[in-house]
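Down below is the structure, laid out as structure tokens.
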Amino acid sequence: MAEIGIGIVGGGYMGKAHAVAMSAVGAVFDTKLRPRLEMVCASSTPSAERYRAAFGFARATSDWRSLVTDPAIEAIVIASPQETHRAIAEASFALGKPVFCEKPLGASLEDSRAMVAAAEAAGVANMTGFNYIRTPASQFARQLIAEGAIGNVTWFRGEHTEDFLADPETPASWRTQGDANGTMGDLAPHMINASLALLGPIDRLIAEVETVHEARPGGTVTNDDHGQMMCRFARGTMGQLYFSRISTGRKMGYAYEVTGTKGAVRFDQEDQNALWLYRSEGPEAKRGFTKILTGPAHPDYAPFCQGPGHGTGYQDQIIIEARDFLQAIETGQPVWPTFRDGMEVNRVIAAAMASSADKTWKEISDF
């Protein structure tokens with residue numbers, strides 16, 4: 001075993017999740033690289049010091065440049081606002097340091113392209129954070145589809161729906177300002193990533209993006225509340241995706257349904273330890289969707305728990321990501337999703353926004 005010094009930029013919601021993951025990953029997966037929480041960076045010195053004490057870092061700073069250039073920092077996790085991602089990643093790669101960056105990769109497609117170029121020029125490990133697709137259930141769904149268990153895929157439906165801004169009286173905030181914080185910048189990347197993971201590249205799409213509540217107490221809303229798109233995958237399959245932050249009653253509506261010629265699979269993140277599988281076999285009277293509860297027989301479940309049906313949780317997804325990032329650093333081999341994979345999500349979003357503005361179909365290859 002060897003230690004590796006970890007620096008995390010951002011100590012909030014995702015910064016805490018990654019700090020906890022790096023603390024636990026060695027014990028859970030018996031990784032050859034064992035993270036050492038070396039430094040955390042936050043927007044102010046008091047905040048950084050508070051995170052240092054709470055999460056167990058050795059040091060704290062309010063200057064991300066100090067973190068990136070510190071010789072004790074051997075790998076960097078970016079968990080700060082999207083508009084900061086590019087500069088931090090480029091500075092890290094210039095020093096040959098591996099980077100894990102939370103989604104979306106860049107605040108814009110231009111940023112993402114620059115980050116991919118820097119990552120590939122440096123030739124070091126790079127990953128984009130899409131944690132939900134790493135549940136044992138979704139990993140199993142991906143296996144079933146790839147091995148042809150449901151036949152040729154004919155249809156995909158996906159959504160990422162939440163209701164944290166469903167009430168029009170919820171005050172304006174940073175979440176209601178700027179495209180990067182809108183639904184297409186915040187929620188859509190996760191389900192677009194899921195669709196690419198399950199079915200492969202998207203060839204073309206037509207989309208509609210809308211701001212439903214244009215004014216809220218305290219200010220005008222400058223980004224989108226929800227969006228939808230029809231698409232055609234490169235494999236020929238039709239698809240439909242919907243994203244919303246105003247979907248009343250939905251708390252974690254990351255859900256998909258994949259239909260094939262021999263069966264279908266369904267998944268809903270609000271019941272993340274179950275996958276529904278239908279197989280077109282046997283007497284019609286006995287056919288139906290079967291609820292499969294995840295257990296040690298499914299991907300990345302056993303290291304957390306030996307009991308089938310006992311379940312894994314949100315934090316476990318982040319620990320799986322940490323394992324994959326450490327593996328990429330150790331082996332020198334890319335682990336999906338790389339920065340390039342993250343950029344593909346940005347391309348789809350850029351096409352969707354352009355389609356909504358022009359009200360026409362768009363080819364992803366044009367972006």
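Just a few scattered comments:
- Dimensions of the range 2-132 based on its C-alpha atoms, expressed as ranges along the principal axes with the largest first, amount to 36, 34, 32 Å.
- Shape of the range 107-183, Cα gyration tensor, a/c cut at 1.5: oblate
- Potential lengthening between D358 and Y13 on full extension [0.36 nm per residue; Cα-Cα distance subtracted]: 120.6 nm
- Mean Cβ count within 10 Å, highest first, over the residues of peptides 284-293, 160-169: 160-169, 284-293
- Cβ-Cβ distance of Q143 and F367, R₀ of 35 Å, FRET efficiency by 1/(1 + (r/R0)^6): the value works out to about 0.70.
- Counting every other Cβ atom within 10 Å of each residue's Cβ, E83, E90 order from fewest to most as E83, E90.
- Our analysis of the chain gives Rg over Rh at 0.97, with the two radii drawn from alpha carbon positions and Rh computed by the Kirkwood formula.
- Computed FRET value (nearest 0.05) for W336 with K291, which takes r as the C-beta separation and R₀ as 30 Å: 0.60
- Rh by Kirkwood over Cα pairs, then Stokes-Einstein D for the range 243-284 at 1.306 mPa s and 10 °C, µm²/s: 132 µm²/s
Bear in mind that the values in this text are calculations on the coordinates, not laboratory data. Since the model is a prediction, treat every value here as computed from it, not as a measurement. Here the Cβ is made from the backbone with ideal geometry for all residues, glycine too, and neighbour counts use every protein chain on show.
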